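Heads up: the structure comes next, in C-alpha cells.
The values are calculated or read from the model by the stated rules, or taken from the named source; none is laboratory data. Being a predicted model, the structure only gives us computed values, none of them experimental. Cβ placement follows ideal geometry from the backbone for every residue including glycine, while neighbour counts extend to all protein chains displayed.
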Amino acid sequence: MEARDITDKCLDIWRDPYGFARGLKERGERPLAYFCSYAPEEIMHAAGFTPVRLMGATRNIASADAHLQAYCCAVARTDLDMALEGELDWLEGAVFVQTCDTMMRLSDIWRLNTSFPFHGDISLPVRMGEPVSLDYMREELASFRRSLEAYRGAPIAREDLERSIETYNRNRRLAGEVYRLRRERPEVLGGLEGTACVVAGLWMRKEEHNSLLEELLEGLDASDASDAAGGAGGDPLTPLFAAGSVCTTPDLFELARELRADIVDDDFCCGHRYIEGQVEPEGDDPLERIAERLSGRINCPAKHSAAEERTAYLAERVRACGAAGLVLFLQDFCEPWLFEVPFLKERLRDEGIPVLVLESDLQSFSRGQLRTRLQAFLETIRGV
Amino acid sequence: MNSVVGLDIGSRTIAMVEVRGGEIAFQEVRDTTHEPLQQCLELLQGREPELLVATGYGRHLARANFAHEVVTEIKAFALGCHFFFPECRTILDIGGQDTKAISVGPGGGVEDFQMNDRCAAGTGKFLEIMAMALGLRLHEFGELAMRTPSSQKISSMCTVFAESEVTGLIARNVPREEIARGLHEAVCDRSMALLKRVGIRREVVFAGGVAKNPCLRALLEERLGMRVLVPPEPQVVGALGAALSAL
C-alpha cells in the first residue's frame, strides 16, 4: 500500500472503529475490550485475545441512562449503551482498570447487566509512580493473569508473554517514529494522519498494526515529496499541542487542519500516553517489568501526582515540539481532568504558553462551537 | 481601501456594516430566517465593496459563496467595541444563542475569551422564549422587569426547565414583573460568572442584541459596581468589527 492509502485506511477505522473491530471476530480473532491505557494489553495478547479499546461513540443514548447518571462522562455512557443495545456482541469480554470513580462503578454495572463470557478487574494503586506501590501493582497484574488463565483453561506460557512484550515494545517504538515524523516533518505526515495511524492500532492485533506502521514509515522514507501522506503541504500551519483524555473521533484534528493549524504532538491517553515508555525486554519477572512501565509513565489525572508535575511535563513537551499553544480537549464531566484545569491553565500561562480549554460531549457534539473557539484561539496566538 | 463590508451572520439576525474612510457609511440589521444566504444577498444588493468580511455562525457559509475573508465573532466584537470605546478592556456580548466574555488589550486585540456551553441557556433566545411565556413582546419584557425592585428567584437556566418554572409561578399568581425581574437576574448571574472567568477590567462594554435590554444593563451595572458602556447600535458591533479587521 502507498503511504496515502495507509493513512486513509486508518482514518476510516478511527471514524468507525467498532464496525472495523466487529470484523476481527469474523476473522477468527477473540476481541477483548478495555477502556483505559493502564490495561496490561501484553497479558491479554499473550493469552490469545485481541485487546480492543472502547472509547465511546457519537450517538444518542437509548438504554444506558437507566444505569448511569447524566453527570457521568459520555465515554462511559455511550460504551455501556452500545453493550446494552447488543452492538458489542462480537466481544468476548471486557477488562476494567479502576481509575476514575465512573470507571470503577461502570465495571459493576457492566458485570450485572451484560452477559459477556469474561469480566476482568484490575485495581490501580492511588499513588502510581512511586516505588512503594510497585509490589501492589505487580500483584494486581498477577491476579488478573490468573483470572485470564482460569477463563481460558490453560496457563499463559512465559515465552508467549515475552513474545507479546516484544510485539508491544515494537509497536510503541514504531508509533514513536510516527510521532517523531509528525513533529519534525509535518509537510510529509500531518497531525491528523499521523495520529490516525497510531489510533487505528487500538482496534487491531498489534502484529498487523506493526506491519502497517512499518510499511507507512518505509513509504514515507522513500518519498520526499510534500503531501506524501496527506501532510500539510502549502503554507506552514500553526503548530499546536493537544492534551486530554481520549479523542473518540478525529474532529479536533480535522478542525485544526481546516483552520490552518496542525496538532504536532499530544498528551492523550489514546495517543502519546498510550505509547510512552517501554517494558524492559529482559529480566526475571515479566509482570514486574510491565508494572514498572505502567508506573513510570506520566500519571493519568485520575491518579495522584504532585501539582507541579503535570505543568512541568506539559510545558517541556510543548516547548520541545515548538507548538504555539496548548489545547486541553476534555470530555464533559471528566472530573479528574477538569479538577486540574484551573491550576494547569494558570500555571501554563505563567510559563508563557497560551492555553485553550475545549469541552466535548459526544452526545451533543457541536462542531460549529468548537470551530469558533479554536479559530478565536488561533487568531489570538497568531496576533492577526 | 475605499469600501469594506462586514457581515455578521448570527443565529437570530444578520447585521451588515459598510465602512468607508474608516467611518460607518451604512448599516442594516434583519432577521436571519431559514434562508440566511438569501438575506445576505438582498442586503448586499447594489453594494460593491472592495472587500467583504464575514463573521458569526454563518461565516463559513458566506465564505463558500461570496465573502473574501472570515473572522470569528470574538475578534470582530473586540475590534468593534474598541472602535466605539478605545478604553474598553472587557466585553460582554449576549447574542441570539451565545454569550461571550472577552478580555481586550489596549489595541483592541483579544487577550482571553470565554463562551457559554453549547445550549442557549441565558442568551437572547432564552429571554425571547421567557417573554413569550409571560405574554410579552421582547421590548416590553425588560421595561416591565424594571418596574419592581423585588424579584422571584428563578433557579433553572435551561430554557425548557425555566419555562416550566415560569408556568408554575404564573399559576401561583406571582406578579409578572417579579417573574420578569427574576429571569433577568438569572441571566445576569450567568453572565457575571463568564466575566469573572476572563477577569473584569474597566471599561466594560455590553454589546450584542441583548444589550438593548435596559433591565439587564442596569442589573449588570449594579452587580459590577461600575458603569457599563453600550455602543449606539449594539447589534452591528460584530459586523463593524469584521469590516475593521480588513483595514
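Here are some notes:
- The number of residues in the stretch B:38-55 that are surrounded by 15 or more Cβ atoms within 10 Å (Cβ to Cβ), away from chain A (no Cβ under 14 Å) and under 11 Å from B:Leu7 (Cβ atoms) comes to 6.
- Matching residues in the stretch A:158-182 - criterion: being free of Cβ contacts under 8 Å to residues at least 40 places away in the same chain and crowded, with 17+ Cβ neighbours inside 10 Å: A:Val178, A:Leu181
- Filter result (within 18 Å of the chain's Cα centre (by Cα) and over 15 Å from A:Asp262 (Cβ atoms)) within the stretch A:314-330: A:Leu314, A:Arg317, A:Leu328, A:Leu330
- Some residue of the stretch A:115-136 being in a helix (DSSP H, G or I), farther than 14 Å from A:Gly93 by Cα and small (Gly, Ala, Ser): yes
- Filtering the stretch A:307-349 to residues that are modelled with pLDDT under 95 and among the acidic types (Asp, Glu) leaves A:Glu308, A:Glu309, A:Asp332, A:Glu335, A:Glu340, A:Glu346.
- Flag: B:Met130 does not match the condition of being within 29 Å of B:Val198 (Cβ to Cβ) and within 14 Å of chain A (Cβ to nearest Cβ).
- Flag if B:Thr99 is modelled with pLDDT under 95, more than 13 Å from B:Leu240 (Cβ to Cβ) and in the same structural domain as B:Ala193 (by TED's automatic domain parsing): yes
- Applying the set (1) surrounded by fewer than 22 Cβ atoms within 10 Å (Cβ to Cβ); (2) touching a strand residue (DSSP E or B) at 6+ places or on another chain (Cβ under 8 Å) to A:Thr311 leaves exactly one unmet item: (2).
- Within the stretch B:90-117, if we keep just the residues that are more than 16 Å from the chain's Cα centre (by Cα) and assigned to a loop (DSSP other than H, G, I, E, B), the residue that is farthest from the other protein chains (Cβ to nearest Cβ) turns out to be B:Pro106.
- Count - residues of the stretch A:257-294 that are acidic (Asp, Glu), under 30 Å from A:Glu379 (Cα atoms) and part of a loop (DSSP other than H, G, I, E, B): 0
- Yes/no for B:Glu177 being assigned to a loop (DSSP other than H, G, I, E, B), closer than 26 Å to B:Pro234 by Cα and away from chain A (no Cβ under 12 Å): no
- Just one of (1) of a type outside the set (S, T, N, Q); (2) closer than 30 Å to A:Pro342 by Cβ; (3) surrounded by fewer than 24 Cβ atoms within 10 Å (Cβ to Cβ) fails for B:Ala78. It is (3).
- Annotation note: Cβ proximity below 9 Å between a residue of the stretch B:56-70 that is more than 12 Å from every other protein chain (Cβ to nearest Cβ) and surrounded by 21 or more Cβ atoms within 10 Å (Cβ to Cβ) and a residue that is charged (D, E, K, R) and assigned to a helix (DSSP H, G or I) (sequence gap 6+ or interchain) occurs for B:Ala67/B:Arg59.
- The single residue among A:Ala94, A:Ala62, A:Ala76, A:Ala39 that is in contact with a Phe, Trp or Tyr (Cβ under 7 Å, 6 or more places away or on another chain) and either assigned to a loop (DSSP other than H, G, I, E, B) or within 19 Å of A:Leu202 (Cα to Cα) (or both) turns out to be A:Ala94.
- Pairs where the first residue, in the stretch A:183-210, is in contact (Cβ under 8 Å) with a residue 24 or more places away in the chain and of a type in the set (S, T, N, Q) and the second is part of a loop (DSSP other than H, G, I, E, B) and surrounded by fewer than 22 Cβ atoms within 10 Å (Cβ to Cβ), C-beta under 8 Å, 6+ apart: A:Thr195/A:Pro250
- Residue tally, condition crowded, with 22+ Cβ neighbours inside 10 Å and either at pLDDT below 95 or closer than 21 Å to A:Met103 by Cβ (or both), over the stretch A:1-30: 3
- Single residue of A:Phe333, A:Phe377, A:Phe329 found to be more than 10 Å from chain B (Cβ to nearest Cβ), touching a strand residue (DSSP E or B) at 6+ places or on another chain (Cβ under 7 Å) and buried (at least 17 other Cβ atoms within 10 Å of the Cβ): A:Phe329
- Residue list for the stretch B:4-29, restricted to those being of a type in the set (Lys, Arg) and farther than 19 Å from B:Asp98 by Cβ: B:Arg20
- Qualifying positions in the stretch A:336-370 - surrounded by fewer than 20 Cβ atoms within 10 Å (Cβ to Cβ), of a type in the set (D, E, K, R) and within 13 Å of chain B (Cβ to nearest Cβ): A:Lys345, A:Glu346, A:Arg349, A:Asp361, A:Arg367
- Residue in the stretch B:119-126 that is over 12 Å from the mean Cα position of the chain (by Cα), at the interface with chain A (Cβ under 10 Å from one of its Cβ atoms), buried (at least 21 other Cβ atoms within 10 Å of the Cβ) and in a loop (DSSP other than H, G, I, E, B) present: no
- The stretch B:158-168, residues that are surrounded by fewer than 19 Cβ atoms within 10 Å (Cβ to Cβ) and touching a helix residue (DSSP H, G or I) at 6+ places or on another chain (Cβ under 8 Å): B:Glu163, B:Thr167
- Among all positions in the stretch A:256-267, there is no residue which is over 14 Å from the mean Cα position of the chain (by Cα), within 24 Å of A:Tyr34 (Cβ to Cβ) and in contact (Cβ under 8 Å) with a residue 12 or more places away in the chain.
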